[in-house]
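Trainee: Below you will find the structure I want to go over with you.
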Amino acid sequence: MFEKLKLQLKAFRDNDRGTVAVEAVVIFPMVMWAFLAMFVFFEGYRQTAINHKAANTIADMLSRETANITPTYVDNTKDLFDLLAQANGDTKIRLSVIKWAERYDAYRVNWSKTEGQGVTPLDNDYLANIAHKLPTVPNQERMVLVETWSTYKPLFRIGLENTVINTFVFTRLRFAPQLKFSNS
C-alpha cells in the first residue's frame with residue numbers, strides 16, 4: 001500500500017497537464033500591473049515634458065514683450081499655460097521680473113504676480129534662497145522668471161499618488177531693457 005501511494009505521488013509530481021493555464025493565472029495580474037505601471041509612468045514623464053515646454057513658451061513670450069504687463073495679461077497667461085500644458089486640474093503660475101543688483105550682491109525682485117490658489121508673489125528673501133538655481137549675469141541685468149505648478153493625476157492606481165509638477169524657467173529680456181507691470 002505504501003508503494004502504491006508512492007507511485008501515485010510520483011505520477012502526480014510528473015504530470016504537467018494544465019501548467020500553462022496555472023502559470024497564466026498566476027502571471028497575468030503581474031503582467032497587467034506592469035503594463036499599466038509603464039503607461040502611468042510614461043504619461044507622467046510626458047506631462048512633465050509638456051509642462052516644461054509650456055513654461056518655456058510663456059517665458060519666451062514675456063521676454064519679447066515690449067508693452068506693460070497688466071492683471072488681465074497675467075490671467076490670460078495662466079489660461080494659455082492651461083491650454084498648452086493640457087492641464088486638467090489645479091494649476092498655478094508666478095511671473096516675476098528679477099535683476100542682479102551688484103550693490104546688494106544678490107538678485108532683487110522688480111515685480112512678481114501670481115495666478116492660482118495658494119501661491120504668493122516672489123519676494124527678495126525667497127529669491128535669495130533660490131539664487132543658486134539662477135545664472136550669473138551682469139549688474140542690473142533683468143530676467144523673466146516663470147514658475148508653474150500643476151497636478152498630475154494618474155489614470156490608474158498602481159502605487160503612484162497625485163504628483164505636483166513644478167517648472168522653473170528663466171530667460172533674458174530680448175527687445176526691451178525692462179518689462180514693466182501696470183495695474184491699468
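Trainee: Which value in deg cm²/dmol, rounded to the nearest 500, describes the helix-derived mean residue ellipticity at 222 nm for the chain, given -39,500 (n - 2.57) per DSSP H run of n ≥ 4 and division by the residue count?
Mentor: Only helices count here, giving -14500 deg cm²/dmol.
Trainee: Please work out whether the chain counts as rounded, prolate or oblate from its C-alpha gyration tensor, where a ≥ b ≥ c are the square roots of the eigenvalues and a/c under 1.5 means rounded, while otherwise a/b larger than b/c means prolate and anything else oblate?
Mentor: prolate
Trainee: If I fit a long axis through the Cα atoms of helix 71-84 and take the longest principal axis of the Cα atoms of the chain, what angle between them do I get, 0 to 90°, rounded to 10?
Mentor: Around 30 degrees separate the two axes.
Trainee: Let me ask something else about it. Which distance in Å, rounded to a whole number, links the C-alpha centroids of the stretch 1-65 and the stretch 88-127?
Mentor: If we compute the Cα centre of each part, the gap is 42 Å.
Trainee: Just to be sure I follow the rule: in the chain, considering lysines 8 or more places apart or on different chains, how many pairs have Cα atoms under 12 Å apart?
Mentor: Pairs that pass both the separation and distance tests number 4.
Trainee: A further question on this structure: For labels at Phe12 and Asn110 in the simple 7 Å Cα→Cβ model, what's the distance in nm?
Mentor: 8.3 nm
Trainee: Would you grab the residues whose amide H sits under 5 Å from the one on Trp111? Only those 5+ places off in sequence or on another chain, please, with H modelled 1.01 Å from N.
Mentor: Here the answer is Val97, since their amide H atoms fall under 5 Å of that of Trp111.
Trainee: In debye, nearest 20, what is the charge dipole magnitude of the stretch 2-172 about its Cα centre with +1 on Lys and Arg Cβ and -1 on Asp and Glu Cβ, if you could check?
Mentor: 460 debye
Trainee: With axes computed from alpha carbons, what is the tilt in degrees of helix 19-63 against the longest principal axis of the chain, rounded to the nearest 10 within 0 to 90?
Mentor: So the inclination is approximately 10 degrees.
Trainee: Of the chain, which part is the longest with no trypsin sites (Lys or Arg not before Pro) in a loop (DSSP not H, G, I, E, B) and with at most 14 other C-beta atoms within 10 angstrom?
Mentor: 104-156
Trainee: Can you work out the FRET efficiency for the pair Thr57 and Thr19, with r the C-beta to C-beta distance and R0 = 45 Å, to the nearest 0.05?
Mentor: So the FRET efficiency works out to roughly 0.20.
Trainee: If each residue of separation counts as 0.36 nm, what is the full-extension length gain between Asn124 and Val31 once their alpha-carbon separation is subtracted?
Mentor: 28.4 nm
Trainee: Given the options Asn162, Asn56, Asn15, state which has the largest fluctuation in a GNM of the chain using a 10 Å cut-off (strictly under) for Cα springs.
Mentor: Looking only at Asn162, Asn56, Asn15, the largest GNM fluctuation is found for Asn15.
All of the numbers you see were taken from the coordinates with simple rules; none came from a lab. The structure displayed is predicted, hence computed values, not measured ones. Positions of Cβ are backbone-derived with ideal geometry, glycine not excepted, and every protein chain shown enters the neighbour counts.
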